[in-house]
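Here's the structure we're looking at; comments come further down.
The values are calculated or read from the model by the stated rules, or taken from the named source; none is laboratory data. Note that the structure is a prediction, hence the values are computed from the model and not measured. Positions of Cβ are generated from backbone atoms using ideal geometry, with glycine treated the same way; all protein chains shown enter the neighbour counts. Protein only, heavy atoms only, side chains kept; ligands, DNA and RNA dropped before computing areas. Shrake-Rupley method; radii C 1.70, N 1.55, O 1.52, S 1.80 Å.
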Amino acid sequence: MGKPEFLQNTAMIIQMKSLDSLVEGRPIDNPVVKPLLEAVLGRRTQRLPIWIMRQAGRYLPEYRETRTRAGNFLELCYTPELATEVTLQPLRRFDLDAAILFSDILVVPDALGQAVRFETGEGPMLAPLDQSGIDALEPARAEAHLAPVIETVRRIRAVIRPETTLIGFCGSPWTVATYMIGGRGSSDQAAARLFSLRHPAAFQRLIDVLVETSIGYLVRQLDAGADVVQLFESWALNLDELAFRQWVIAPNRRIVAGIRAMRPNAPIIGFPRGAAGMLPVYAAETGVNVLGLDYGVPLAIDDVLPEGLGVQGNLDPLRLVAGGGQMLDRARDIVAGFSGRPHIFNLGHGIVPDTPIAHLEALIAHLRGL
Ligand code: CP3
(Lines give C-alpha, C1' and ligand atoms only; values in the text may rest on other atoms or scores of the structure.)
Protein backbone atom coordinates (compact mmCIF):
# COMPACT_ATOMS: atom_id res chain seq x y z
CA MET A 1 0.00 0.00 0.00
CA GLY A 2 1.45 3.40 -0.94
CA LYS A 3 1.62 6.26 1.51
CA PRO A 4 -1.38 8.57 1.47
CA GLU A 5 -0.32 11.53 -0.62
CA PHE A 6 -0.54 14.01 2.21
CA LEU A 7 2.02 12.05 4.22
CA GLN A 8 4.65 12.25 1.53
CA ASN A 9 5.50 15.87 2.00
CA THR A 10 7.30 16.79 5.20
CA ALA A 11 6.72 20.53 4.82
CA MET A 12 3.04 19.80 4.57
CA ILE A 13 3.13 17.74 7.76
CA ILE A 14 4.79 20.58 9.64
CA GLN A 15 2.18 22.97 8.33
CA MET A 16 -0.62 20.64 9.39
CA LYS A 17 0.93 20.34 12.83
CA SER A 18 0.89 24.06 13.44
CA LEU A 19 -2.68 24.26 12.25
CA ASP A 20 -3.50 21.49 14.68
CA SER A 21 -1.84 23.34 17.50
CA LEU A 22 -4.06 26.30 16.80
CA VAL A 23 -7.17 24.18 16.62
CA GLU A 24 -6.45 22.44 19.92
CA GLY A 25 -5.42 25.67 21.60
CA ARG A 26 -1.92 24.46 22.42
CA PRO A 27 0.73 27.18 22.36
CA ILE A 28 2.02 27.26 18.81
CA ASP A 29 5.59 27.89 19.95
CA ASN A 30 5.64 24.79 22.15
CA PRO A 31 8.45 22.76 20.59
CA VAL A 32 7.74 19.55 22.49
CA VAL A 33 6.58 16.75 20.27
CA LYS A 34 5.81 13.31 21.64
CA PRO A 35 6.63 11.01 18.70
CA LEU A 36 4.57 8.12 20.04
CA LEU A 37 1.51 10.28 20.64
CA GLU A 38 1.92 11.73 17.15
CA ALA A 39 1.77 8.22 15.70
CA VAL A 40 -1.35 7.44 17.73
CA LEU A 41 -2.92 10.59 16.32
CA GLY A 42 -2.27 9.31 12.81
CA ARG A 43 0.85 11.23 11.88
CA ARG A 44 4.06 9.60 10.71
CA THR A 45 7.15 10.94 12.44
CA GLN A 46 10.85 11.09 11.64
CA ARG A 47 11.64 9.07 14.74
CA LEU A 48 10.24 5.53 15.00
CA PRO A 49 8.31 5.42 18.28
CA ILE A 50 9.22 2.39 20.41
CA TRP A 51 7.88 0.85 23.58
CA ILE A 52 7.92 -2.73 24.82
CA MET A 53 4.80 -4.48 26.07
CA ARG A 54 5.18 -5.18 29.82
CA GLN A 55 8.45 -3.24 29.76
CA ALA A 56 8.60 -3.06 33.57
CA GLY A 57 8.89 -6.51 35.06
CA ARG A 58 10.79 -9.54 36.20
CA TYR A 59 13.44 -9.55 33.45
CA LEU A 60 14.88 -6.48 35.23
CA PRO A 61 16.85 -7.13 38.47
CA GLU A 62 15.85 -3.69 39.81
CA TYR A 63 12.17 -4.64 39.36
CA ARG A 64 12.69 -7.87 41.32
CA GLU A 65 14.36 -5.86 44.08
CA THR A 66 11.50 -3.32 44.33
CA ARG A 67 8.91 -6.10 44.16
CA THR A 68 10.59 -7.82 47.14
CA ARG A 69 10.56 -4.52 49.02
CA ALA A 70 6.81 -4.09 48.31
CA GLY A 71 6.04 -7.52 49.84
CA ASN A 72 3.38 -8.53 47.35
CA PHE A 73 2.45 -7.60 43.82
CA LEU A 74 -0.81 -5.73 44.53
CA GLU A 75 0.93 -3.72 47.24
CA LEU A 76 3.37 -2.65 44.54
CA CYS A 77 0.47 -1.57 42.29
CA TYR A 78 -1.23 0.40 45.08
CA THR A 79 1.86 2.20 46.42
CA PRO A 80 2.39 5.26 44.19
CA GLU A 81 6.02 5.74 45.21
CA LEU A 82 6.97 2.15 44.31
CA ALA A 83 4.75 1.90 41.23
CA THR A 84 6.30 5.13 39.90
CA GLU A 85 9.77 3.75 40.58
CA VAL A 86 9.18 0.54 38.59
CA THR A 87 7.52 2.48 35.75
CA LEU A 88 10.71 4.53 35.39
CA GLN A 89 13.15 1.59 35.56
CA PRO A 90 13.00 0.58 31.86
CA LEU A 91 13.24 4.25 30.80
CA ARG A 92 16.53 4.61 32.65
CA ARG A 93 18.02 1.68 30.76
CA PHE A 94 16.55 1.91 27.27
CA ASP A 95 15.84 4.61 24.68
CA LEU A 96 12.04 4.28 24.75
CA ASP A 97 9.31 6.68 23.64
CA ALA A 98 6.71 5.75 26.24
CA ALA A 99 6.25 5.05 29.90
CA ILE A 100 3.39 2.70 30.70
CA LEU A 101 1.66 3.07 34.04
CA PHE A 102 2.73 0.23 36.31
CA SER A 103 -0.41 -1.53 37.47
CA ASP A 104 -2.37 -4.60 36.37
CA ILE A 105 -5.62 -5.26 34.55
CA LEU A 106 -6.87 -7.15 37.63
CA VAL A 107 -6.92 -4.14 39.95
CA VAL A 108 -10.41 -3.54 38.51
CA PRO A 109 -12.03 -6.74 39.88
CA ASP A 110 -10.16 -6.10 43.12
CA ALA A 111 -11.68 -2.61 43.22
CA LEU A 112 -15.16 -4.04 42.56
CA GLY A 113 -14.86 -6.20 45.68
CA GLN A 114 -13.68 -9.50 44.16
CA ALA A 115 -10.37 -9.88 45.96
CA VAL A 116 -7.41 -10.82 43.76
CA ARG A 117 -4.28 -12.61 44.99
CA PHE A 118 -1.06 -13.06 43.08
CA GLU A 119 0.80 -16.19 44.21
CA THR A 120 4.42 -16.31 43.11
CA GLY A 121 4.72 -18.70 40.19
CA GLU A 122 0.94 -19.26 40.10
CA GLY A 123 -0.36 -16.10 38.43
CA PRO A 124 -3.55 -14.37 39.58
CA MET A 125 -6.16 -16.14 41.73
CA LEU A 126 -9.73 -14.98 42.43
CA ALA A 127 -12.75 -16.69 43.99
CA PRO A 128 -14.79 -17.45 40.82
CA LEU A 129 -17.97 -15.37 40.46
CA ASP A 130 -21.40 -16.96 40.08
CA GLN A 131 -24.63 -15.13 39.16
CA SER A 132 -25.21 -13.82 42.68
CA GLY A 133 -21.55 -12.79 42.89
CA ILE A 134 -22.02 -10.60 39.83
CA ASP A 135 -24.93 -8.81 41.47
CA ALA A 136 -22.90 -8.36 44.66
CA LEU A 137 -20.11 -6.41 42.92
CA GLU A 138 -19.73 -2.88 44.24
CA PRO A 139 -19.02 -0.42 41.42
CA ALA A 140 -19.47 2.48 43.84
CA ARG A 141 -16.25 1.60 45.67
CA ALA A 142 -14.03 1.40 42.57
CA GLU A 143 -13.07 5.05 42.29
CA ALA A 144 -11.77 5.35 45.85
CA HIS A 145 -10.04 1.97 45.65
CA LEU A 146 -8.20 2.94 42.46
CA ALA A 147 -7.20 6.42 43.68
CA PRO A 148 -3.59 5.31 44.39
CA VAL A 149 -3.24 4.23 40.75
CA ILE A 150 -4.40 7.65 39.59
CA GLU A 151 -1.91 9.23 41.98
CA THR A 152 0.80 7.09 40.34
CA VAL A 153 -0.17 8.48 36.90
CA ARG A 154 0.20 12.01 38.29
CA ARG A 155 3.62 11.26 39.74
CA ILE A 156 4.92 9.61 36.58
CA ARG A 157 3.79 12.53 34.43
CA ALA A 158 5.57 14.95 36.76
CA VAL A 159 8.96 13.25 36.37
CA ILE A 160 9.21 11.86 32.82
CA ARG A 161 10.65 13.88 29.95
CA PRO A 162 8.06 15.96 28.12
CA GLU A 163 8.82 14.05 24.89
CA THR A 164 7.87 10.76 26.56
CA THR A 165 4.31 9.60 26.00
CA LEU A 166 2.56 8.27 29.09
CA ILE A 167 0.32 5.28 28.39
CA GLY A 168 -2.49 4.43 30.80
CA PHE A 169 -4.51 1.23 30.43
CA CYS A 170 -7.12 -1.18 31.61
CA GLY A 171 -8.14 -4.69 30.64
CA SER A 172 -11.03 -4.97 28.21
CA PRO A 173 -14.25 -6.34 29.74
CA TRP A 174 -14.16 -9.81 28.14
CA THR A 175 -10.54 -10.42 29.17
CA VAL A 176 -11.12 -9.22 32.74
CA ALA A 177 -14.34 -11.27 32.91
CA THR A 178 -12.46 -14.46 31.94
CA TYR A 179 -10.46 -14.10 35.16
CA MET A 180 -13.52 -13.11 37.24
CA ILE A 181 -15.55 -16.12 36.11
CA GLY A 182 -12.72 -18.65 35.80
CA GLY A 183 -10.89 -17.54 38.94
CA ARG A 184 -7.52 -17.83 37.17
CA GLY A 185 -5.91 -17.79 33.75
CA SER A 186 -6.61 -20.66 31.37
CA SER A 187 -5.62 -21.55 27.84
CA ASP A 188 -9.17 -21.78 26.43
CA GLN A 189 -11.26 -19.50 28.72
CA ALA A 190 -13.81 -22.33 28.83
CA ALA A 191 -15.35 -21.23 32.15
CA ALA A 192 -16.26 -17.74 30.90
CA ARG A 193 -17.30 -18.98 27.46
CA LEU A 194 -19.68 -21.53 28.96
CA PHE A 195 -21.02 -19.08 31.54
CA SER A 196 -21.74 -16.50 28.83
CA LEU A 197 -23.69 -19.12 26.84
CA ARG A 198 -25.63 -20.52 29.80
CA HIS A 199 -26.31 -17.22 31.58
CA PRO A 200 -26.16 -14.48 28.93
CA ALA A 201 -28.17 -11.95 30.94
CA ALA A 202 -25.98 -12.28 34.04
CA PHE A 203 -22.85 -12.18 31.91
CA GLN A 204 -24.12 -9.04 30.18
CA ARG A 205 -24.58 -7.42 33.62
CA LEU A 206 -20.96 -8.24 34.43
CA ILE A 207 -19.76 -6.76 31.11
CA ASP A 208 -21.89 -3.64 31.75
CA VAL A 209 -20.26 -3.10 35.16
CA LEU A 210 -16.81 -3.49 33.60
CA VAL A 211 -17.62 -1.12 30.73
CA GLU A 212 -18.85 1.61 33.08
CA THR A 213 -16.02 1.16 35.59
CA SER A 214 -13.41 1.17 32.82
CA ILE A 215 -14.73 4.38 31.25
CA GLY A 216 -14.49 6.28 34.55
CA TYR A 217 -11.10 4.76 35.37
CA LEU A 218 -9.57 5.65 31.98
CA VAL A 219 -10.99 9.18 31.98
CA ARG A 220 -9.38 9.72 35.39
CA GLN A 221 -6.08 8.38 34.03
CA LEU A 222 -6.28 10.83 31.10
CA ASP A 223 -7.10 13.71 33.43
CA ALA A 224 -4.15 12.80 35.68
CA GLY A 225 -1.70 13.00 32.79
CA ALA A 226 -1.93 9.89 30.60
CA ASP A 227 -1.51 10.91 26.94
CA VAL A 228 -2.96 7.71 25.52
CA VAL A 229 -4.88 4.77 26.97
CA GLN A 230 -4.65 1.16 25.84
CA LEU A 231 -7.36 -1.49 26.06
CA PHE A 232 -5.76 -4.89 26.67
CA GLU A 233 -8.02 -7.56 25.17
CA SER A 234 -5.48 -10.32 25.75
CA TRP A 235 -7.99 -13.16 25.41
CA ALA A 236 -9.76 -12.16 22.19
CA LEU A 237 -8.92 -15.61 20.84
CA ASN A 238 -11.16 -18.69 21.09
CA LEU A 239 -14.39 -16.81 20.38
CA ASP A 240 -16.69 -17.49 17.45
CA GLU A 241 -17.81 -14.56 15.31
CA LEU A 242 -21.04 -13.97 17.21
CA ALA A 243 -19.35 -14.07 20.62
CA PHE A 244 -16.54 -11.86 19.33
CA ARG A 245 -19.02 -9.22 18.20
CA GLN A 246 -21.01 -9.46 21.43
CA TRP A 247 -18.24 -9.64 24.01
CA VAL A 248 -15.24 -8.01 22.32
CA ILE A 249 -16.39 -5.50 19.73
CA ALA A 250 -19.49 -4.14 21.49
CA PRO A 251 -17.89 -3.51 24.93
CA ASN A 252 -14.69 -2.04 23.44
CA ARG A 253 -16.78 0.21 21.22
CA ARG A 254 -18.82 1.37 24.23
CA ILE A 255 -15.65 2.17 26.18
CA VAL A 256 -14.16 4.17 23.28
CA ALA A 257 -17.45 6.06 22.77
CA GLY A 258 -17.93 6.57 26.52
CA ILE A 259 -14.47 8.06 26.97
CA ARG A 260 -14.84 10.29 23.92
CA ALA A 261 -18.26 11.52 25.06
CA MET A 262 -16.38 13.08 27.99
CA ARG A 263 -12.95 13.65 26.44
CA PRO A 264 -13.45 14.16 22.69
CA ASN A 265 -10.64 12.82 20.51
CA ALA A 266 -9.02 10.91 23.40
CA PRO A 267 -6.22 8.80 21.85
CA ILE A 268 -6.91 5.09 22.31
CA ILE A 269 -4.96 1.94 21.39
CA GLY A 270 -6.83 -1.37 21.16
CA PHE A 271 -4.99 -4.69 21.46
CA PRO A 272 -7.33 -7.59 20.63
CA ARG A 273 -4.83 -10.45 20.91
CA GLY A 274 -5.79 -13.37 18.71
CA ALA A 275 -8.54 -11.50 16.84
CA ALA A 276 -7.10 -12.78 13.53
CA GLY A 277 -9.74 -12.50 10.78
CA MET A 278 -11.82 -10.17 12.94
CA LEU A 279 -9.07 -7.51 13.14
CA PRO A 280 -10.38 -5.25 10.34
CA VAL A 281 -13.90 -5.40 11.80
CA TYR A 282 -12.56 -4.63 15.27
CA ALA A 283 -10.65 -1.63 13.90
CA ALA A 284 -13.57 -0.29 11.91
CA GLU A 285 -16.24 -0.76 14.57
CA THR A 286 -14.50 0.15 17.84
CA GLY A 287 -13.03 3.46 16.67
CA VAL A 288 -9.58 2.95 18.23
CA ASN A 289 -6.75 5.10 16.82
CA VAL A 290 -4.18 2.33 16.79
CA LEU A 291 -4.51 -1.42 16.45
CA GLY A 292 -2.13 -3.63 18.46
CA LEU A 293 -1.02 -6.66 16.44
CA ASP A 294 -0.05 -9.96 18.05
CA TYR A 295 2.74 -11.99 16.47
CA GLY A 296 0.36 -14.29 14.62
CA VAL A 297 -0.78 -11.44 12.39
CA PRO A 298 0.87 -11.48 8.92
CA LEU A 299 2.49 -8.32 7.59
CA ALA A 300 0.04 -8.50 4.67
CA ILE A 301 -2.65 -7.25 7.09
CA ASP A 302 -1.37 -3.88 5.90
CA ASP A 303 -3.29 -4.40 2.64
CA VAL A 304 -6.68 -4.79 4.31
CA LEU A 305 -6.57 -2.27 7.15
CA PRO A 306 -8.06 1.18 6.58
CA GLU A 307 -5.56 3.64 5.11
CA GLY A 308 -4.02 5.87 7.76
CA LEU A 309 -4.93 3.59 10.71
CA GLY A 310 -1.93 3.22 13.03
CA VAL A 311 -0.53 -0.15 14.06
CA GLN A 312 1.66 -1.33 16.91
CA GLY A 313 3.35 -4.59 17.79
CA ASN A 314 3.98 -7.86 16.06
CA LEU A 315 7.48 -9.03 17.12
CA ASP A 316 7.33 -12.46 18.80
CA PRO A 317 8.71 -11.97 22.37
CA LEU A 318 10.62 -15.26 22.01
CA ARG A 319 12.64 -13.76 19.14
CA LEU A 320 13.86 -11.32 21.78
CA VAL A 321 14.75 -14.16 24.13
CA ALA A 322 16.74 -15.97 21.41
CA GLY A 323 18.28 -12.74 20.08
CA GLY A 324 20.76 -12.35 17.23
CA GLY A 325 20.20 -12.03 13.50
CA GLN A 326 16.72 -13.61 13.35
CA MET A 327 15.46 -10.97 15.80
CA LEU A 328 17.06 -8.06 13.96
CA ASP A 329 15.90 -9.29 10.54
CA ARG A 330 12.33 -9.76 11.68
CA ALA A 331 12.30 -6.33 13.35
CA ARG A 332 13.52 -4.76 10.11
CA ASP A 333 10.82 -6.56 8.11
CA ILE A 334 8.11 -5.35 10.49
CA VAL A 335 9.29 -1.75 10.17
CA ALA A 336 9.38 -2.07 6.36
CA GLY A 337 6.00 -3.81 6.29
CA PHE A 338 4.23 -0.93 8.01
CA SER A 339 6.18 1.95 6.46
CA GLY A 340 3.06 3.22 4.71
CA ARG A 341 1.08 4.00 7.86
CA PRO A 342 1.67 5.36 11.38
CA HIS A 343 3.62 2.63 13.16
CA ILE A 344 4.70 2.12 16.76
CA PHE A 345 7.33 -0.57 17.23
CA ASN A 346 6.41 -3.10 19.94
CA LEU A 347 6.27 -6.79 20.70
CA GLY A 348 3.31 -8.95 19.72
CA HIS A 349 2.76 -9.80 23.42
CA GLY A 350 4.46 -9.13 26.76
CA ILE A 351 8.22 -9.45 27.26
CA VAL A 352 8.98 -12.67 29.16
CA PRO A 353 11.00 -12.92 32.40
CA ASP A 354 13.98 -14.79 30.92
CA THR A 355 14.67 -12.14 28.25
CA PRO A 356 18.37 -11.13 28.31
CA ILE A 357 18.68 -7.38 28.81
CA ALA A 358 21.50 -7.28 26.21
CA HIS A 359 19.06 -8.55 23.55
CA LEU A 360 16.67 -5.69 24.19
CA GLU A 361 19.58 -3.24 24.02
CA ALA A 362 20.64 -4.73 20.67
CA LEU A 363 17.10 -4.59 19.30
CA ILE A 364 16.66 -0.92 20.18
CA ALA A 365 20.10 0.05 18.81
CA HIS A 366 19.21 -1.75 15.57
CA LEU A 367 15.85 0.03 15.29
CA ARG A 368 17.44 3.43 15.94
CA GLY A 369 19.91 2.74 13.13
CA LEU A 370 17.31 1.80 10.49
O1 CP3 B 1 5.38 -2.37 32.09
C2 CP3 B 1 4.25 -2.87 32.12
O3 CP3 B 1 3.56 -3.03 31.11
C4 CP3 B 1 3.77 -3.34 33.43
C5 CP3 B 1 2.34 -3.12 33.72
C6 CP3 B 1 1.47 -4.34 33.44
C7 CP3 B 1 1.45 -5.53 34.23
N8 CP3 B 1 0.42 -6.30 33.77
C9 CP3 B 1 2.34 -5.84 35.34
C10 CP3 B 1 2.46 -7.24 35.82
C11 CP3 B 1 0.51 -4.45 32.47
C12 CP3 B 1 0.18 -3.48 31.34
C13 CP3 B 1 -0.14 -5.69 32.69
C14 CP3 B 1 -1.28 -6.14 31.88
C15 CP3 B 1 -1.83 -7.47 32.12
N16 CP3 B 1 -2.00 -8.15 33.29
C17 CP3 B 1 -2.43 -8.24 31.09
C18 CP3 B 1 -2.56 -7.81 29.65
C19 CP3 B 1 -1.28 -7.94 28.91
C20 CP3 B 1 -0.92 -9.35 28.57
O21 CP3 B 1 0.19 -9.75 28.96
O22 CP3 B 1 -1.70 -10.05 27.94
C23 CP3 B 1 -2.88 -9.44 31.67
C24 CP3 B 1 -3.57 -10.58 30.97
C25 CP3 B 1 -2.62 -9.36 33.08
C26 CP3 B 1 -2.97 -10.34 34.13
C27 CP3 B 1 -1.78 -10.86 34.82
N28 CP3 B 1 -0.98 -10.13 35.68
C29 CP3 B 1 -1.25 -12.17 34.75
C30 CP3 B 1 -1.84 -13.28 33.90
C31 CP3 B 1 -0.12 -12.21 35.56
C32 CP3 B 1 0.73 -13.41 35.88
C33 CP3 B 1 1.53 -13.80 34.73
C34 CP3 B 1 2.69 -12.87 34.56
O35 CP3 B 1 2.80 -12.26 33.48
O36 CP3 B 1 3.45 -12.76 35.50
C37 CP3 B 1 0.06 -10.92 36.10
C38 CP3 B 1 1.12 -10.46 36.99
C39 CP3 B 1 1.93 -9.29 36.58
N40 CP3 B 1 1.43 -8.14 36.05
C41 CP3 B 1 3.35 -9.14 36.73
C42 CP3 B 1 3.68 -7.86 36.27
C43 CP3 B 1 5.02 -7.23 36.25
C44 CP3 B 1 4.27 -10.17 37.36
C45 CP3 B 1 3.99 -10.18 38.81
C46 CP3 B 1 5.21 -10.44 39.65
O47 CP3 B 1 6.01 -9.52 39.82
O48 CP3 B 1 5.30 -11.57 40.13
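Annotations
- You can think of it this way: the chain between D303 and D135 has 56.0 nm of extra reach, that is 0.36 nm per residue less the Cα-Cα gap.
- Anisotropy class of the range 38-168 from Cα gyration tensor, a/c 1.5 cut: prolate
- In a DSSP loop and with at most 15 other Cβ atoms within 10 Å, there are no chymotrypsin sites (Phe, Trp or Tyr not before Pro) in the range 70-153.
- Label-to-label distance for H199 and R245 is 2.6 nm, based on points extended 7 Å past Cα in the beta-carbon direction.
- Expressed as a fraction of 2.2 N^0.38 Å, the C-alpha radius of gyration for the chain is 0.96.
- Under 5 Å from the amide H of E233 lie the amide H atoms of S172, F271, R273, each residue being 5 or more positions distant or on a separate chain, with H modelled from the backbone and absent for Pro and chain starts.
- Among beta bridges that DSSP assigns inside the range 35-368, antiparallel share in %, nearest 5: 15
- Carbon and sulfur %, accessible surface of the chain computed with the full protein complex present, 1.4 Å: 54
- At a probe radius of 1.4 angstrom, the accessible area of the range 35-368 per residue rounds to 38 square angstrom.
- The modelled label-to-label distance between R117 and R263, using points 7 Å beyond Cα along the C-beta direction, is 3.5 nm.
- Label separation (E65 vs A276): 4.5 nm, computed from points 7 Å beyond Cα along the C-beta direction.
- Taking every alpha-carbon pair within the range 214-370, the share separated by more than 28 Å comes to 25 percent.
- Of the GluC sites (Glu not before Pro) in the range 110-196, the ones in a loop by DSSP (not H, G, I, E or B) with at most 12 other beta carbons within 10 Å are E122.
- Each listed q (0.13, 0.15, 0.18, 0.29 Å⁻¹) maps to a log10 I(q)/I(0) for the range 172-231 from the Debye sum over equal C-alpha point scatterers, namely -0.41, -0.52, -0.67, -1.13.
- Reported to the nearest whole Å, the Cα centre-to-centre distance from the range 45-111 to the range 276-351 is 23.
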